[in-house]
Amino acid sequence: MTRAVVLGGGFAGALAGAVLARHADDVIVIEDDHYPSGPRARRGLPQSHHSHVLVAGGARALQELLPGTLEALFARGAHHRRLPGDALILGAAGWFRRLDTGAYLISCSRGLLDQVVRQRALGAVSTWAGTRALGLVGDARRVTGVSVRREGAAPETIEADLVVDATGRRSKAPRWLAELGGAEIEELTVSSGLAYSTRVYQAPAELAGEIPAIMLHPRPARGRPGQGATLFPIEDGRWIVTLTGTRGGEPPADERGFADFARSLRDPIVADLMAAATPLGGIRPYRDTSNRRRFFERARLPAGFVAIGDAVVAVNPVHSHGMSVAALSTLRLDRELTRRGLDPAAAPELRAAMAAEAESSWRMALAQDAGPAGRREATAFEREILARRTRALLSSPELAAEFFRAQTLLPARAAKDGPAVVRALTGEPDPLLTTREAVMQYPALHAWWDALTRVRGGREPSLR
Amino acid sequence: MSLQISDSVIWQETAGGISLYHAETGDFHTLNETGSRIWELVASDGEREPIVAKLSHEFAGDNLAMSVRVLKDVQEFLGSMIERGLIEEHPA
Ligand SMILES: Cc1cc2nc3c(=O)[nH]c(=O)nc-3n(C[C@H](O)[C@H](O)[C@H](O)COP(=O)(O)OP(=O)(O)OC[C@H]3O[C@@H](n4cnc5c(N)ncnc54)[C@H](O)[C@@H]3O)c2cc1C
């Protein structure tokens, strides 16, 4: 009789539970919180009030882990948006054209995503909701179980062959392991300085399902805070709008400040859409967005323990990677367990595999937030090429595919067309789209935008 | 054998030598003085033998030991450029 215990029944924990049920006789998921009965945000997951999109790499992994999950999400009203085929994006150099890159995202509320995943993942698993993990049991050589406390009851011990920590960003596993005499775990935190403010809206009927995903990236300006916005359609004809700002330029969480911030961005389209929609509930701020990594794989730790999801690597949410890395990691966990069996002694290999799955997301996040520390100043040639890249990215299918596939954690295309990239970088760039031209790419949005412009006496909201 | 700069490379002569950008890998390289000279000869001559002969003449004159050294350096440089996909070699 083999048993695995998963600590934390969030996104990573639920998926890990589903996979472990294929390899262990008994699987128990310990979750401190109570799951809501409907597709709603919950207390134990403060970020569930904010935009959560599932990028293509994670969507594929989720579908492989739990076939039919994407269909179930679409049936409940989730939206599929190609990047940048169905997304109106204002990048550093201007508006993107609609291009097919193979990259996409799936957008719905985090509450819906979690509910659909839980329903499909936890069928063969015992879920102990309202139960808190208190620590690990065992010694420096081997974790043999966990200590937990059900609401209102005394602590009890559950024995396990494998304990999986999926308690997220604020995991206490390093302390728990130290209490058993395990080695110290290196931890690295790189601040992103990013703050979120989010509000959900009921969309006007004519735009509800037709709206592209909208992303306004910060104006590229050194030494000034970067401010941006996203608008994603979610289920039930709603939109979720998130405003983001780095230190010194944080988005306010009061009514007036939220609207003014949106209007002060490089383009007022998100502010205009907000004004046309009906707010549902208040504005919610979020500040804990630093990049954090725990290097479990580098320490000498007891057998029988592995961590997954945000407990290992949690990156700046602006990348929309966390859930996808969790899904990709669970897929990898499944493969490793198929290969090695549920053997406590294989834990170091499992820990190394979990770290490897999170590596590319971690690198991308650090390239943005850790800055060029240690790197030499770019040469004039390098600056020129990078500036051309930023501009050509808006209209070159090759460059856009490379960029959006990496961003959505899809594997790079096997055959890269170098000469086409060279032509895109050295030729005359395609003219930049005006806001009107960018909006015209989306007929429903254009009809609405045109009407708004007419009301304003022909004055187009201009690109700042 | 004929040598050709890859169609996936953008390059420019700069004060510090030749700067390269490989469009497939996204990598930048800067060549030193000798490397830059070899690169220019690949761009203008495109054949291994004449390049070696020219460089040998430029750097070694009649000194046989130096010619051997130049030959070795050029082959090594071209080998590493070909390996990185910056230069391609085709049968003439
Ligand atoms: C503002 C914001 C926006 C984001 N947007 C995106 C996005 O667009 N796309 C994306 O992919 N990712 C996004 N993320 C990241 C995403 O939220 C996380 O990566 C994801 O939730 C990680 O899942 P997890 O299961 O590892 O941790 P969590 O989802 O945090 O789950 C941890 C679970 O463990 C439980 N728990 C904690 N301690 C205990 C304990 N002692 N005992 C029992 N249970 C415990 C908690 O109640 C919780 O249910 C965003 C994050 C933030 C902060």
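Only the coordinates and a few stated rules stand behind these numbers; no lab work does. All of these numbers come straight from a predicted model, not from anything done at the bench. For neighbour counting, all protein chains shown are included, and Cβ atoms are generated from backbone atoms with ideal geometry for every residue, glycine included.
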**Study point:** Around A:Gly228: net Lys/Arg minus Asp/Glu count, Cβ-Cβ under 9 Å
**Key:** +2
Exercise for review: Provide Rg and Dmax in Å for region B:2-86, with only Cα atoms included in the calculation.
Suggested key: 13.1, 41
Study note, to complete from the structure: chain A: longest segment with zero exposed GluC sites (Glu not before Pro), where exposed means DSSP loop plus at most 11 other C-beta atoms within 10 Å, is residues A:185-376
Review point. So which lysines can B:Lys54 reach, going by Cα to Cα under 18 Å and dropping same-chain residues fewer than 8 places off?
Key: B:Lys72
Exercise for review: Two decimals is fine: what's Rg over Rh for chain A, C-alpha atoms, Kirkwood radius as Rh?
Suggested key: 0.99
Study note, to complete from the structure: Computed, not fitted: 222 nm per-residue ellipticity of chain A from DSSP H runs ≥ 4 (each -39500 (n - 2.57)), nearest 500, equal to -10500 deg cm²/dmol
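Normalise the Cα radius of gyration of region A:53-166 by 2.2 N^0.38 Å (N = residues in it) and let me know the number.
On the way: Rg = 20.6 Å, N = 114, 2.2 N^0.38 = 13.3 Å.
Cα Rg divided by the expected 2.2 N^0.38 Å: 1.54.
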Check your understanding: Which distance in Å, rounded to a whole number, links the C-alpha centroids of region A:109-136 and region A:10-82?
Key -> 8
Revision key, fill the gap. Mean-square fluctuation maximum in Gaussian network of chain B, Cα pairs under 10 Å, restricted to B:Ala53, B:Ala23, B:Ala65, hits B:Ala65
Practice item. Using label points projected 7 Å from each Cα along Cα→Cβ, tell me how many nm separate A:Ser37 and B:Glu40, to one decimal. Key: 8.1
Review point. Considering only DSSP states other than H, G, I, E and B, which trypsin sites (Lys or Arg not before Pro) in region A:158-240 qualify as loop sites with at most 11 other Cβ atoms within 10 Å?
Key: A:Arg170, A:Arg222
Review point. Percent antiparallel among DSSP beta bridges with both residues in the protein assembly as shown, to the nearest 5?
Key: 75
